[in-house]
Structures are given as structure tokens and as C-alpha cells.
Amino acid sequence: MGHGPGYVEADEDMSNPLGLKAKLGLDVFKHDKEPHITIKAGMAGDQRLKKAIIVCPAGLYSENAQGEVELTIDGCLECGTCLLACGSEVLGWQYPNGGAGVQFRFG
Amino acid sequence: MSQASTFDVIVVGAGLAGLAAAYTMAREGLEVLVLERGEYPGSKNVTGGRLYLNPIRDMFPDLWAKAPLERHIAHEEVCLLDTEGAVTVRYDGAELGTQPYQSYSILRAKFDKWLGKQAERQGAMIVTKSRVDEVLFENGAVVGMRAGGEELRTNVVIAADGVLSFIAEKAGLREPFKAHDFAVGLKEIIELPRETLEARFNLQGDEGVARLYMGDVTKGKFGGGFLYTNKESISLGIVAGIEALNEAPSTIAASQMLEEFKLRPEVARLIAGGETAEYSAHVIPEGGLHAFGKFFGSGILVAGDAAGFSMNIGVTVRGMEYALASGYLAAQAVIRAKQKEDYSAAALSEYERLLKESFVMKDFENFKDSLHALENPRLFTYYPRLAGDVMRDLYEIPAGPKARIFPTIRKYFSVGELWGMGRDMWRLMKI
């Protein structure tokens, strides 16, 4: 199986976030016309969101210089962990549109 | 656009619960529509995985001979992982290697797609790429749903839409989630040539191995690691409590936990040369009996993960049998409801009665305190360390004379330590 450019052997440098990106690059994703998870307006600085940085298996949440949490939706595995950890007061969460998002080939 | 009630029942979700229900109802001649948001059944579904057949074999007698299962699990292993070193116990019971086999490793994208075909063959209609957006009510009863801008009406809905079950939520059947009741599983499929895999794990033919890891995997937090051999790949992953991940002593990202697990020499040698083909993650309901919502309402039933039917009792983590069984039992309730032309909550309560009669609710009743019993940090730090220490002292031959074994080992079992172990044991006896 071929790897895309930027592929980094995960065990060469375990702290390299590219390892995770490369792993997500192995999955099949179908484009969605809108992000299915959003940080609710005015909530980016909410402490509850910080939990998502730790729990998200795809590492899609990060903290910016202002101490606010940012979300990149590409690579979302639709597991629901962020919703359970942070709650629906801070996250708008629905599944991607029909046919969009991750399509597991093994599962 | 409104549509007449051409379907007896709409099933939301083509996972194991939904497809088991669809298959069973279509077989009885009901008009069944299954709505699945993925490209194909299984495309959104993840397991660790292994499926135990005994509890559900007779519910689907015609399915198993041709089912695309991976390997029958003939070897059960538990590995206590300390920071340095590991103690592994392997069980090779004769019954594990004798037909009919107790359990199989399984890949959901393959299996669910196949099960979908079986349901279609019985006459069920599966519409993929269809996300349900709204539940339609009339006089307090569920009468259909809106999916892709279209209104679909029906007599009864089976919500088999997975652990987050927005359908059950919209129907007012469950309380808001508590993170404490859920774990997250992260998994890689690592491909290895069949011969390499069989030689490496000492497997004959289609035999497979299941190995659970406890201890350093989750850095002392609630959870563990797992490894299952498939035909030509390994399912390797970790499970961790969602709340525990953000608790002291350490906060390490879940994805990093999996990477460090893979780097453990005990694990690295098993996956060496393998190529990761897929990375997946999924939430697992683990709250059990204490976390259940309602299983039925007027015009609606809830099955599988959507109903919270998954259970962690330490050495076994199960969900798929409960999904298949609850789908089957929901189907039975709907079949009876159709005979009486009565889809009220009272009529559909038959589902709960069937669940209570079956292994499903009996298991959840029996193991209602198991999650609490397992949430003991000592199980994930103290005992793996103790096992390693005892083994090291037993096997070590120093340059000088070796100390007598009993006095050496006894230091681990002082009155204070034994008292602590007794308390842990007392707690575990609730499982």
C-alpha cells in the first residue's frame, strides 16, 4: 500500500504529529459540504473544550496563542469522544451529511 | 414531500443491531426500510474485535456457515504490562479449538456489508448515504423521520443508530450523556502476510489469538490494550475511559497512548514489518444498567449501542452479541405489534420483556457493578508491577548465592499489602 507525500514512519519519532496525520491519510474520507462539528459561538475559550485536545483520537483540537481552542475537521473519525468529553454546550455536533466523512474499509 | 406509509418499519443504522432487526423482520414478510448514513453498511462501524457466537447462534441459524468471519479465537492471552517487563498468561483450552467455535475475530466493514446483503436477500430495502435529521411525532408517537429533506412515514422505528443515538435523544428516550459512562477505543489495522502472521503467533490454519493488555498501556488509568489476529492483519488498539483521560496523574493524548503502546518491545515485535492500513476510533458505552435510558416509546424501539448495550468485565469486552440479539428481539416485538396492528408504547413494551428474558438483560443485571469494580487504579499500576517483581525475583540468578524464594517473595505480601489486596478482591467479587 502506498503512502502519500509527507509520510513519516510513526515509530521514528513518536512525538511528531505528522505520524498521526500520516495515519489519518490512510483512511478514506469523502468530502462534506459543511463541517459537522463546530465550536459554538463565544465558547473557544471555554475550559471544557481543552479536554478535546487530550481525548480526540485524530488530534484535531489544538490551543492557539490566545489560549483558545481551534478545531480542524479534516480527518475526523466521527467517534463522538469530543462531544462526550466537552458537552453540547460548547460543541455543535452532528454526523456528516449522508455519504460524507470517513468510510472505513476494515472497521 | 410526504410519502404514504409503505414501510411497516424504518430501521435507522445499518450496523449489527439494525441489520439483525431488518433481516429478521424481512424474513417474516414485513416491509423494511433501513437508512444508513455511510456509503455502505459497515462504513461507519468499528469493533475491537471479536464476536462471541454462542449467545446468538440460534437466533440466526442460517447465517454462520457463510459469514465472513476472520479467525476463530483458539488462544486467549492476558498480558500485565509494567513499565519495564510484562507477565503474559496464555490459555489454550481444548474447547476453544473445537467446533462450534466460541468466538471469531471480525472486521466490521466486511461483515456488516455482507449482513446487509443477507437482509436485502430477505426483502429488506437498504438506502445508504442517508442521514436522518429529524424524528416526526404525532400525538406523542413517533410516526416517521425526515432524511435528506424527505419525510418518511412508518408504523414503527427501530433506532439502531449507534452509541451517540441522536434518534433516542430526539425521541426523549435517554438522559444527557455522562462522560463517565463511556470509553473510547482507538485501533489500527496492521497488515501482515498470512504466513508471517501464523508463524509469529504460532497459529495453525484459521486459528486466531486474542490478547488483552493491562497496566502501563493506559498509564495507570482505566482501560487497556487489545490485539486480535485477523486472516491477514492484526487489530491492535487501546481502550481508555473518556473521563479518566483528562484526570491526573498524567494527561497524555489518547492518540499518543496508542503510539507508545506500539513502541513497547512486547508489542513492537508482534507488528514488526506490518503496514498500517487503517486507523479508526469509536466510543464504547460502558455504563451498563445504571446508564440505560428507555428502550421503547410509542412507535419506537432502541437497540444495540444506541441502547447502551455494551459491557466491559475486564477480560472480556462485549457489545456485538448484544447488538445482534437486541436487534433480533426488537424485530420479534415489531412482528407481534404488526399482528395486532398496535404500535403503542404498551404493545412495544414486549421488547423490554423479551430483553429481560434473554441473556442480554440477565448479563447486564449480573454485571451491573463490574465497571465500578474495575475502576480501581491499583489494577492498572500496582498489580502489573507486582506480577513483574515476583517473576523477576523467581527467575533471577545473581552472581552470588540466590536468596531463598519464600522470604524474597514474602516482602510483597506484608500484612498491609495483603489487607489492600483483600479490599481489592472484595471489590472485584462484585463482578
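The values are calculated or read from the model by the stated rules, or taken from the named source; none is laboratory data. Bear in mind that the values here come from a model prediction, so they are computed numbers and not experimental data. Reconstructed Cβ throughout: ideal geometry from the backbone, glycine too, with neighbour counts over all protein chains shown.
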Filter segment B:155-182 for residues that are modelled with pLDDT under 95 and more than 21 Å from the chain's Cα centre (by Cα); the one that is surrounded by the most Cβ atoms within 10 Å (Cβ to Cβ) is B:175
I want to confirm something. Restricting to segment B:64-76 and keeping residues that are surrounded by 17 or more Cβ atoms within 10 Å (Cβ to Cβ) and not small (Gly, Ala, Ser), which single residue is nearest to residue B:388 (Cα to Cα)? B:76
Qualifying residue in segment B:214-237 (condition: more than 30 Å from residue B:262 (Cα to Cα), at the interface with chain A (Cβ under 9 Å from one of its Cβ atoms) and part of a loop (DSSP other than H, G, I, E, B)): no
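Hey, among the residues in segment B:110-130 that are crowded, with 24+ Cβ neighbours inside 10 Å and not aromatic (Phe, Trp, Tyr), which one's farthest from residue B:206 (Cα to Cα)? Reasoning before the result, please.
Taking segment B:110-130 and keeping what is crowded, with 24+ Cβ neighbours inside 10 Å, we get B:111-112, B:115-116, B:119, B:124.
After this cut, where a residue has to be not aromatic (Phe, Trp, Tyr) as well, the list is B:112, B:115-116, B:119, B:124.
Numbers: B:112: 21, B:115: 21, B:116: 25, B:119: 27, B:124: 32 Å.
Only one residue fits best here, namely B:124.
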Assuming residue B:257 fulfils every condition listed in (1) within 7 Å of chain A (Cβ to nearest Cβ); (2) part of a helix (DSSP H, G or I) apart from one, which condition is it? (1)
Hey, residue B:329 modelled with pLDDT of 95 or more, within 19 Å of the chain's Cα centre (by Cα) and not in a loop (DSSP other than H, G, I, E, B) or not: yes
Within segment B:24-39, track down each residue that is away from every other protein chain (no Cβ under 13 Å) and either assigned to a loop (DSSP other than H, G, I, E, B) or within 15 Å of residue A:102 (Cβ to Cβ) (or both). B:28, B:29, B:30, B:31
If residue B:221 passes every condition in (1) at pLDDT 95 or above; (2) within 28 Å of residue A:86 (Cα to Cα) but one, which one does it miss? (1)
Subset of segment B:117-130 (residues that are out of contact with any strand residue (DSSP E or B) (no Cβ under 8 Å at 6 or more places or on another chain), within 13 Å of chain A (Cβ to nearest Cβ) and polar (S, T, N, Q)): B:128
Out of the residues in segment B:40-74 that are within 13 Å of chain A (Cβ to nearest Cβ) and of a type in the set (S, T, N, Q), which is nearest to residue B:162 (Cα to Cα)? B:45
Could you figure out which of (1) assigned by TED's automatic domain parsing to the domain that holds residue B:27; (2) more than 14 Å from the chain's Cα centre (by Cα); (3) within 22 Å of residue B:52 (Cβ to Cβ) isn't true of residue B:309? (2)
Would segment B:81-101 turn up any residue that is surrounded by 21 or more Cβ atoms within 10 Å (Cβ to Cβ) and among the hydroxyl-bearing types (Ser, Thr, Tyr)? yes
From the list B:190, B:252, exactly one residue is of a type in the set (Val, Ile, Thr), touching a residue at least 24 places away in the same chain (Cβ under 8 Å), in a loop (DSSP other than H, G, I, E, B) and within 11 Å of chain A (Cβ to nearest Cβ). Which is it? B:252
Could you list, in sequence order, all residues of segment B:71-102 that are over 22 Å from the mean Cα position of the chain (by Cα) and part of a helix (DSSP H, G or I)? B:94, B:95, B:97
Residue B:185 assigned to a strand (DSSP E or B), crowded, with 18+ Cβ neighbours inside 10 Å, modelled with pLDDT of 95 or more and assigned by TED's automatic domain parsing to the domain that holds residue B:273: yes
Scanning segment B:34-52 residue by residue, the ones that are surrounded by 21 or more Cβ atoms within 10 Å (Cβ to Cβ) and either of a type in the set (S, T, N, Q) or in contact with a Phe, Trp or Tyr (Cβ under 9 Å, 6 or more places away or on another chain) (or both) total 13
Any chance residue B:203 is outside the structural domain of residue B:314 (by TED's automatic domain parsing), in a loop (DSSP other than H, G, I, E, B) and in contact (Cβ under 8 Å) with a residue 40 or more places away in the chain: yes
Under the condition of being under 19 Å from residue B:196 (Cα atoms) and more than 7 Å from chain A (Cβ to nearest Cβ), which residue from segment B:269-287 is surrounded by the most Cβ atoms within 10 Å (Cβ to Cβ)? B:270
If I ask for residues that are within 14 Å of another protein chain (Cβ to nearest Cβ) and surrounded by fewer than 22 Cβ atoms within 10 Å (Cβ to Cβ), which ones from segment B:131-154 would you list? B:133, B:134, B:146, B:147, B:148, B:149, B:150
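Identify all residues within segment B:336-392 that are among the basic types (Lys, Arg) and part of a helix (DSSP H, G or I); write none if there are none. Before the answer, list the steps.
Let us first name the residues in segment B:336-392 that are among the basic types (Lys, Arg), namely B:336, B:338, B:340, B:353, B:356, B:362, B:368, B:378, B:385, B:392.
Of everything in segment B:336-392, those that are among the basic types (Lys, Arg) and part of a helix (DSSP H, G or I) turn out to be B:336, B:338, B:340, B:353, B:356, B:362, B:378, B:385, B:392.
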Go over the candidates B:41, B:55, B:68 one by one and state the one that is modelled with pLDDT of 95 or more and under 16 Å from the mean Cα position of the chain (by Cα). B:55
